[in-house]
Amino acid sequence: MVLMVKDINTNISPVIDVVLASFNGVHYLSDQVKSIFNQTLRPRNLIVRDDGSIDGTVALIEKLSRQYGDWLIVVPSDKCLGCNKNFETLLQCTNADYVALSDQDDEWMPDKLMVSLMLIRKLEAIHGEDNPVTMFSDLALIDGFGKLIGPSFLRHQCLDPSRTNVDDLSLQNVATGCTMLLNRALINSALPFPDDMIQHDWWLALVAARLGVIAFEPKSLVLYRQHSNNVIGAKGIGFIYFVDRFGKFIVQSLKGEFEGGSCYRQSYALYKRFSGRPSGLVEFADSMPLQRLRLIFGGRLKKHGFLRQMFFVVLMVPRVLVGFGKRPLPAEVPSSSK
């Protein structure tokens, strides 16, 4: 069941809603809700949907709903959807001009929404409110007790936040969802989410890059909590990272799968919906060996940092000579082999 947010106070300007997808988040949810309520620019509503928690989160949400009253809206949940579909449902439940995405276990800096909105409005003043616009920021890392363990998530992950064109985002996302603020044009363009989407924030960043504008705020606006139940988290790119990636490559190769196949399918879904120039990854799938080499070494297929790129090249070169499972591309996709 989808609850549409109607008959709520729209006299607050600007109209911003926050959507929060919860799942077994009983330990930190109260602190996160408090940090959203205490924003210097308080959102019109916090809209929460739980996805089948079994740890007491549902009871906690009911308690928080009584505590915060009509400000906290609970979307009914009758089945588990998974993270992506949960956020899709939540975005379909708000008519706000701007929507921020929230995880259940972080804490927001008090001025997060104010800083985010100021940046988005500057972009809209230049590009127009009808263009899809989003922004994202850096994050500070904290442990399960709230102790600071790193001032910058992006530096910890060796990610370059300036790399937000479609080619770059097709291979690696730099926009963390819990820092993003979306305008209405982006939400309308990105929904419904495609089946081949990897992650909701990744898809939203790709759509903004394809159709509009995506911008970076260097200030860390979110305290990104690292604990044992993190779905993604800040893994770093040390020895363990490369061992893990190589292990996945071996397993997928034995199954006849392409290590970057999920990125390709997401990138193709973007092209299929919005047309325009296909990403380098989509062109790679439809090219002959020589052009594949040009795409790899010409900069169209490039990961963040020297080590990531070298590892990526090692994994991709075998694919220069052999194909990988891909969906048929429409005739209008320019193939360099022609």
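Kindly provide the set of residues from the stretch 302-338 that are among the charged types (D, E, K, R), modelled with pLDDT under 75 and either open to solvent by less than 40 Å² (accessible area, probe 1.4 Å) or not in a loop (DSSP other than H, G, I, E, B) (or both), ordered by number. Step through it out loud before you land on a result.
As a first pass, look at the stretch 302-338 and keep what is among the charged types (D, E, K, R): 302-303, 308, 319, 326-327, 332, 338.
Restricting the remaining residues to those that are modelled with pLDDT under 75 gives 319, 326-327, 332, 338.
Selection gives Arg319 alone.
Hey, any hits in the stretch 41-55 for a residue that's of a type in the set (A, V, I, L, M, F, W, C) and surrounded by fewer than 16 Cβ atoms within 10 Å (Cβ to Cβ)?
yes
Go through the stretch 278-301 and count every residue that is crowded, with 20+ Cβ neighbours inside 10 Å, under 20 Å from Arg210 (Cβ atoms) and of a type outside the set (Val, Ile, Thr). Steps first, answer last, please.
To start, the set of residues in the stretch 278-301 that are crowded, with 20+ Cβ neighbours inside 10 Å comprises 278-287, 292, 295-296, 301.
The next check asks that each one be under 20 Å from Arg210 (Cβ atoms); those that pass are 278-286, 295, 301.
Within this subset, residues satisfying the condition of being of a type outside the set (Val, Ile, Thr) are 278-281, 283-286, 295, 301.
Number of matching residues: 10.
Would you confirm whether or not the stretch 37-56 contains a residue that is of a type in the set (Ser, Thr, Tyr) and assigned to a helix (DSSP H, G or I)? Steps first, answer last, please.
Restricting attention to the stretch 37-56, the residues satisfying the condition of being of a type in the set (Ser, Thr, Tyr) are 40, 53.
Right, trim to assigned to a helix (DSSP H, G or I) and you get none.
No, there is no match, as no residue in the stretch 37-56 is of a type in the set (Ser, Thr, Tyr) and assigned to a helix (DSSP H, G or I).
List every residue pair whose Cβ atoms sit under 6 Å apart, with the two residues 6 or more apart in sequence or on different chains, where the first one lies in the stretch 275-290 and is acidic (Asp, Glu) and the second, anywhere, is assigned to a loop (DSSP other than H, G, I, E, B).
Asp286/Leu329; Asp286/Val333; Asp286/Ser335
Given the criteria farther than 25 Å from Asp17 by Cβ, surrounded by fewer than 23 Cβ atoms within 10 Å (Cβ to Cβ) and over 16 Å from the mean Cα position of the chain (by Cα), does Leu159 qualify? Write out each step before concluding.
Values: farther than 25 Å from Asp17 by Cβ: yes; surrounded by fewer than 23 Cβ atoms within 10 Å (Cβ to Cβ): yes; over 16 Å from the mean Cα position of the chain (by Cα): no.
For Leu159, the condition - farther than 25 Å from Asp17 by Cβ, surrounded by fewer than 23 Cβ atoms within 10 Å (Cβ to Cβ) and over 16 Å from the mean Cα position of the chain (by Cα) - is not met.
So Tyr68 clears everything in (1) open to solvent by 70 Å² or more (accessible area, probe 1.4 Å); (2) at pLDDT 95 or above except one condition, right? Which one?
With (1) open to solvent by 70 Å² or more (accessible area, probe 1.4 Å); (2) at pLDDT 95 or above applied to Tyr68, the lone miss is (1).
Out of Leu117, Leu123, Leu101, Leu113, which single residue is of a type outside the set (D, E, K, R), modelled with pLDDT of 95 or more, open to solvent by less than 60 Å² (accessible area, probe 1.4 Å) and in contact with a helix residue (DSSP H, G or I) (Cβ under 7 Å, 6 or more places away or on another chain)?
Details: Leu117 fails: in contact with a helix residue (DSSP H, G or I) (Cβ under 7 Å, 6 or more places away or on another chain); Leu123 fails: in contact with a helix residue (DSSP H, G or I) (Cβ under 7 Å, 6 or more places away or on another chain); Leu113 fails: in contact with a helix residue (DSSP H, G or I) (Cβ under 7 Å, 6 or more places away or on another chain).
Step by step, each of Leu117, Leu123, Leu101, Leu113 is checked, and only Leu101 is of a type outside the set (D, E, K, R), modelled with pLDDT of 95 or more, open to solvent by less than 60 Å² (accessible area, probe 1.4 Å) and in contact with a helix residue (DSSP H, G or I) (Cβ under 7 Å, 6 or more places away or on another chain).
Matching residues to (1) buried (at least 22 other Cβ atoms within 10 Å of the Cβ); (2) free of Cβ contacts under 8 Å to residues at least 24 places away in the same chain:
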position: Phe145; (1), (2): no, yes
position: Gly150; (1), (2): no, no
position: Leu154; (1), (2): no, yes
position: Asp168; (1), (2): yes, no
position: Gly177; (1), (2): yes, no
position: Leu182; (1), (2): yes, no
position: Leu191; (1), (2): no, no
position: Asp196; (1), (2): no, no
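Take the stretch 71-87 and flag every residue that is surrounded by fewer than 21 Cβ atoms within 10 Å (Cβ to Cβ) and under 20 Å from Gln199 (Cβ atoms).
Cys80, Leu81, Gly82, Cys83, Asn84, Lys85
The values are calculated or read from the model by the stated rules, or taken from the named source; none is laboratory data. The structure presented is a predicted model; accordingly, all values stated were derived computationally and were not measured. Heads up, the Cβs are rebuilt from the backbone with ideal geometry, glycines too, and the neighbour counts pull from every protein chain shown. For the accessible areas, the whole protein counts, side chains as well, though only heavy atoms, and no ligand, DNA or RNA atoms are used. Shrake-Rupley method; radii C 1.70, N 1.55, O 1.52, S 1.80 Å.
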